[in-house]
Each structure stands twice: as C-alpha cells, then as structure tokens.
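The next block holds one structure in the form of structure tokens; read it before the comments.
The values are calculated or read from the model by the stated rules, or taken from the named source; none is laboratory data. None of the values given here were measured: they were computed from a predicted structure. All Cβ positions, glycine included, derive from the backbone under ideal geometry; neighbour counts span all protein chains shown. Note: areas computed on protein heavy atoms with side chains; ligands, DNA, RNA excluded. Shrake-Rupley method; radii C 1.70, N 1.55, O 1.52, S 1.80 Å.
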Amino acid sequence: MLFKNSTQKFIYECIDCGKQFDSNQTLYLCPNCSAENNDLSPPKGVLRIVYNFFELLQNNFLFKDYKKDNFLKLLPIDKIESLPKLKVGNTPFYEFDELDHQKLPFQLFFKDDSQNPTFSFKDRASAVVSAYAKEKGFNIIVAASTGNAGSSLAGLCAAQNQKAIIMVPEKAPLAKLTQIIMYGATIVPVKGTYDDAFDLSIKATEEFGWYNRNTAFNPLTIEGKKTVSIEIFDQLNETLPDRIFVPVGDGVIISGVYKGFEDLLNLKFIDKIPAIIAVQSENSDNLSRNINKTKFEIKSSNTIADSISVDIPRNFYMAKDFITKYKGEYLTVSDDAIMEASAILSRNTGIFAEPAATTAFAGLLNYYHQNKLDKGSKNVVLLTGSGLKDLNSVQKLLNIPSAIEPTIENLKKIISWLALF
C-alpha cells in the first residue's frame, strides 16, 4: 500500500489488476490494463481513488466534522475555495406520502439534482474536475457528451474562467447544445455516436495536453458524484434508506452512489450498504444485460432517455463489481413506462424531470406495482436532470386545446371535463 510513510491524501488503484499509483501525477486509466482496449467492449483499466482511511480513523472524526469543511477530507482537491462559486450539491430532498391521491404504505423521497446550476447531476463531477484542474494549472478542459455533461462542464468552467471544449454527437438535443453555446464553450459536433465523440476527445487530450473530464476515464468524476450519497445520509439524519433507485447508462452515476456509501462504510459511519437498484431502459440495457455474461455483447441503443442511451457502458466493470459485491439489484423498464412515470411525477410533485431521470422513478413504480416495497420502508429516487433539457421527448404527452373565443360559455365547454359545473 502506497500510503506507508506517505503524506498523500489519496492514491489511484486499478479496478482490474489492483495496481496502485501515487497521486502526484495526473492519471486517467491504468497504462497496463488499458493497453488492449478496443471498440467492441467496455474499457479496462478504470482507476478508482482510495483515501487513507487508516489515518482518518485515527483522528476519531465525527460525521459533523467532515460536514463542517464540506467533506474536503473525502475529495481529491486541496482547498474548498478551488471549487466553482456556483452552488453545486446540497440539492433538495423531498418526501411525498401519496401518488394520485392514494396514500403510500412506504416512505418516498426524491433527491432532486435538477436544482444544480446547470440543472443536472453532472455538475457534481464537473465541479471537482474543474477544481482539480484549477489547482494543477490546466486551463482547458475537454469532454464528450450527449448534452448534460457538456453543458455542466461549460457552465462551471464559465464560473471558473476556464475554457471548455465539448464534443457532442450531431443528434444531441437542441436545449442541451444551447446551454453549451450560451456558456461560451467551444462546441464540436461529431458525426456518429457518443462513443465517436468520446474517442475523439481522448485523442485531443493526447495531442494537445488538455485536461479530460470524461466519465469512466477521469477517476475524479466518481468522487464528485459520490457526494450525493453523503448528502442523502445527512438529509436522513445520519440514517440509511432501504432502497435507492438510480438511472443507469454507462454505469458512472451508480458507481458514484456506491462509492459514497462505501466511503461512509470505511469510516464506520454505517455498517452496511443500502439496496441500490440500477434502472435502465429496455431499449438501452447494455449494462444490466451483460452483468452475468462472460463475454460482453453489444445491442444498439435507441431510447427516448437520451442521457442513458449507451451502446458500450464505459464504466461497466466498476459498476458490475459494485453491484455484485454489495448485492445490488437491476431492472429494465419500457420507454412507455418512462414517459408514464414522467407524467405521474410532474402532476404529483411539481418536479419536471427529463426521461433519463424519470427512468429511476419508473423503476420504483415497477417495484411498487409488484409489491416489492416493504411497508414503512424508506425509498429514494435519484432525479438527475430537468425536463426542460429535452422538451421534445414529452410532446406526445401534451394535449393543448384549440383557442376559444373569450366567452364564459366557451370556457365552460373546455373545463366541463373537470366536473367543476
């Protein structure tokens, strides 16, 4: 273990071979395990960040001691001041006790990460990446994105006076592209898929020395995303939920959720990991479908939930390890179920989330209808992005009446279905 006789705050560890690297260098993938990566399977050599828990435990810190300095002891940066000035994290945590006027037999909580500065969970990762880049002297950060990660990085770089270069597949949603451009980033549309944009961004990093934000490539992104778990533990008064439903595409968000709870476990603040349920669209199920297979098989993805539409889950092996180690659960839901969940969520809570986010809620509704949620249990749904990011996806849910002449009689005709008269 490299922590022996070392003052390093953290080390890198390869999830495949276990080799450890010191943190005095900027690393992305394990150079040995990543050497044979190809375009037909998820990448090997993804690194995880490991803190010196032995030393931390010696200090007998309480949870409130970590909270006091915004959990800096559990972040791969030196100063909280290095983070963007925008308020990232500490997002609302809402409890609702009924759906469609039916009292629920269990507790239902929504962690609403659409309230981050760029309206996405991705701000958690971008904030840490931006802070690290600031401390290490990188002024240009590049990323590949279907929209959310790109708009997130663009917005937080704008707040930090850094330059963001975002490579997007040419069919990325207009609302997300608009954000990227308005934040002043350089946008590079790429013919092909997210995977094509991802590969080009890696080549650009190698060619120009830009710092790379890509998830399942830059290990710091997991460290930003794990903060949601620490917040949930805090917002539940230092108790655990029974289940957390998480939308899954490339496996990075769910890995971050696991990593946050695992850090709390290593610090002995909790004695178990809650049940974490990975929810995918059945039209983009390349992670869940391959968990128990020996050979990875790709199925082309085509789901309305564009943010989790992934052919090759870049963080497959880490997510698989977490799900297997902690006995996680996973399921797929149809695109129709995702859109139905979107409508139920909006009309019952006032929260308008994008399809990738409501995928998690569709997973909870699936469990509810199958009586898998114990009476009185605490269930959390992670909502990862605002519905305003992808208005096209909900068009078929809209039924806008034709304009009427402004008379009370015409008004009565329109609202008669409400049984108000």
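A protection proxy built from the mean count of other Cβ atoms within 10 Å ranks the segments 57-65, 16-24, most packed first, as 16-24, 57-65.
For Ala353, the residues whose amide H sits under 5 Å from its own are Gly387, ignoring neighbours fewer than 5 places away on the same chain, with H placed 1.01 Å from N. By accessible area, using a 1.4 Å probe on protein heavy atoms only, the chain has 52% of its surface on carbon and sulfur.
Our estimate of slack between Asn161 and Leu57, defined as 0.36 nm per intervening residue step minus the Cα-Cα distance, is 33.7 nm. Here the label points at Ile298 and Leu411, each 7 Å from Cα along the C-beta direction, are separated by 5.8 nm in the simple model.
Measuring with a 1.4 angstrom probe and ignoring ligands and nucleic acids, Met339 comes out at about 10 Å² accessible.
Taken per residue, the accessible surface of the chain reaches 45 Å², heavy atoms only and a 1.4 Å probe. At what distance in nm do the modelled label points of Asp65 and Leu104 sit from each other, each positioned 7 Å from its Cα along Cα→Cβ? Modelled inter-label distance: 3.6 nm. Here, P(r) means the percent of Cα pairs in each 20 Å bin from 0 to the largest distance; for the chain it is 27, 58, 14, 2, 0.
Taking all protein chains together, Arg347, Arg314 sort by accessible area into Arg347, Arg314, largest first [probe 1.4 Å]. Rounded to 0.05, the FRET efficiency of the Asn90 and Ser402 pair, given R0 = 56 Å and the Cβ-Cβ distance, is 0.80.
Close amide-amide hydrogen proximity is noted between Met167 and Ala143, Ala144, Ser145, Val188, each under 5 Å apart and 5 or more residues distant or on a separate chain (H modeled in the peptide plane; Pro and chain starts excluded). Of the peptides 35-41, 120-126, 233-239, the ranking by mean beta-carbon count within 10 Å, highest at the top, reads 120-126, 233-239, 35-41. Across the range 22-33, coupling constants 3J(HN,Hα) worked out from phi with the 6.51/-1.76/1.60 Karplus curve, θ = phi - 60°, read 6, 8, 7, 10, 8, 10, 10, 10, 4, x, 7, 6 Hz, and Gly and Pro carry x.
Assuming R0 = 51 Å, can you tell me the calculated FRET efficiency for the pair Asp196 and Asp271, based on Cβ-Cβ distance, to the nearest 0.05? It comes to 0.70. Database remark: amide H of Lys19 closer than 5 angstrom to the amide H of Cys14 (H placed geometrically; neighbours at sequence offset of 5 or more, or on other chains; Pro and chain starts carry no H).
Between Asp311 and Leu27, the contour length at 0.36 nm per residue exceeds the alpha carbon distance by 99.7 nm. Rounded to the nearest 500, the 222 nm mean residue ellipticity of the chain from helices alone is -10000 deg cm²/dmol, with -39,500 (n - 2.57) taken per DSSP H run of at least 4 residues. Comparing mean-square fluctuations of Gly45, Gly385, Gly192 from a GNM of the chain with C-alpha springs under 10 Å, the top value falls on Gly192. The calculated FRET efficiency for the pair Glu207 and Glu170, based on their C-beta separation and a Förster distance of 22 Å, comes to about 0.50.
Here the label points at Asp336 and Lys79, each 7 Å from Cα along the C-beta direction, are separated by 5.7 nm in the simple model.
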